[in-house]
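Taking it in order: structure first as structure tokens, then the write-up.
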Amino acid sequence: MHFLSQKKGRAWLLVTWVLVVSIASLVGTHLLLEWLANRQWSYAQQVIRDKGLVLDWRELLPPRLAEDVNYAAIDPLWGINFSEASEEQNERVLANRQLLRQAQKGLETAYLSTSSVALGRLPEWSQISTSLVKSKLLEKSPPVGGEAVAIHQALDQKIPILRQIAIASFAYSEAEFMPSWLGQDLSKILHENKIPLSSTLNLVCKGLLLQGIAAVESGDYVLALADARAVILLSKAMMREPSSLGRLVAMVYLRQTNEILWNLCRHRSLSDEQWTDFGRLLSSIDHEHDYLRQHNLEMAGNLEVIGHLAEHRSKCAAFFDAPLIESFVRPEMAPLLPDWFFTLNRARVAGFEMEHVFHPFQENGWAGVSAQREMLIKDLHLAEAEWKHMDLVFSRLLMTTIYSSLNQALQYESVWRQGIVAGALERYYLKHQNYPDKLQQLLPDFLNSVPLDPMDHQPVRYTLTDSGRYKLWCVGVDGRDDGGKVNPGNKSNPDGSLNRPTYLGDWVWQYEPVPLATESDSEGK
């Protein structure tokens, strides 16, 4: 019996010793991971500061505009940025909302052509008019060739406020939505991701763009120019918003604004003074600077949100329970996640941003970031299970969409710079009744300098064509000059392939129509 009790005592002693060692190991491991995470986070913060970037997104907010110089402060645009479900409504917002409701009717399903610039093709008037008949903006299908005039007249009769909004843009060069987000508690908005997207704003922009391309074909060139100006100013207001969503939506509308500009160039319809004024507005947007500022703001905001989730585990549970969040971390796991999990993830997000976005961008612009795509995919270990890389949970959530938006930005910026050159070429034509042999002939009377291709930093390419017009192009995402050749997608979505990472071809501004591929021809592009 004594022997058995002694044996049991030794067993309990062994179990106790194992438990003590295990607990000590766990505590030690936890403390070590906490120390390593804090060290890496401190290092990441120092690297960010050394690169001239900031960690407090509030420092990146643009200065407020005075209302008397603010296009978006006019009625009925005041309050247009608030979503219909927003609680931030007042009498002025509600009154303007009522005025703009008519601007939505009939535009919900309106089709807008976006392939004119790249493919040298006229707007798809049959598709546009068909969509407007379905939405009741047009009572019946207009005759072939008369679609633009019919749409122009219908918009004037049924949505006259669009013309008022457009014409008012001539008195302004800047815009900031009112009431401004900058006057509110942005920390709460950021932490809860409650920056809404106003459907009214979207439809007003859509209506202005539709009115613009219809006005060109109807000979109402002043209205078309006003529509383009209005959309550019509203897009500038979007880019002032403390959210990357605003910049992404603005790029969509600015890209479509080029359709109006292309059609104005095609008709050679503006005076030298009008081209000069419009060129100043186009050149007033510094897209590279805005991209860097906005991405710095977004990174700083994301890092703050991760820290906020660490301090508020109930909100962390709600974050991982959101419909669009795909992660092995489940809401019920939130209270169990150690502090070092959040700290290490903050360090990793900052490190990836610096290595794959900010450093390449500062060294070589958008082309530098684009070249990092394959390396980032490799470093994120996307082919491996997420639980094997707990330090990459937030990096995977936040960074996997960078290159889809970047490719869109590259294509859009290329065409934007081509549009600046196109306006200068039309001014040259007004004076000389021909186009120059080289873009250098535009200096200094029509351009201060020739815009550079954002991919390879060479001057935008240019050649005269047999039709008496010209072609402008920039190299695509492959970085190769294909001599101005564009590879369209299929007929149902001809420009859909142009901003894909796999696109092989140039981004082009041209007036000769490009033959469209069939479904089988474009397969795999």
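We did not get these values from a lab; they are worked out from the coordinates using the rules stated. Note that the structure is predicted; figures quoted are calculated from it, not measured. Neighbour counts run over all protein chains shown; Cβ positions are idealised from the backbone, glycine included.
General remarks:
- Residues residue 31 and residue 327, FRET efficiency given R0 of 30 Å [Cβ-Cβ distance, rounded to 0.05]: 0.70
- Placing R0 at 56 angstrom, the Cβ-Cβ distance between residue 45 and residue 141 gives a FRET efficiency of 0.35 after rounding to 0.05.
- The packing ranking, built from the mean of other Cβ atoms within 10 Å per residue, places the peptides 246-259, 146-159 in the order 246-259, 146-159, highest first.
- Sequence ranges 205-215, 446-456, 295-305, 43-53, ranked by mean other-Cβ count within 10 angstrom, highest first: 205-215, 295-305, 446-456, 43-53
- Computed over neighbours whose Cβ is under 15 Å from that of residue 261, the net charge equals +2, Lys and Arg +1, Asp and Glu -1.
- Whether the stretch 276-358 is rounded, prolate or oblate, judged on the alpha carbon gyration tensor where a/c under 1.5 counts as rounded: prolate
- A Stokes-Einstein calculation at 20 °C with viscosity 1.002 mPa s, built on the Kirkwood radius of the stretch 370-453 over Cα pairs, returns a diffusion coefficient of 132 µm²/s.
- For the stretch 296-368 and the stretch 459-476, distance of Cα centres in Å: 43
- Simple spin-label estimate for residue 504 and residue 130 in nanometres, 7 Å along Cα-Cβ: 3.2
- Checking the cross-link pairs 315/388; 51/236; 158/206 against a 19 Å limit on the alpha carbon distance flags 315/388; 51/236 as lying beyond it.
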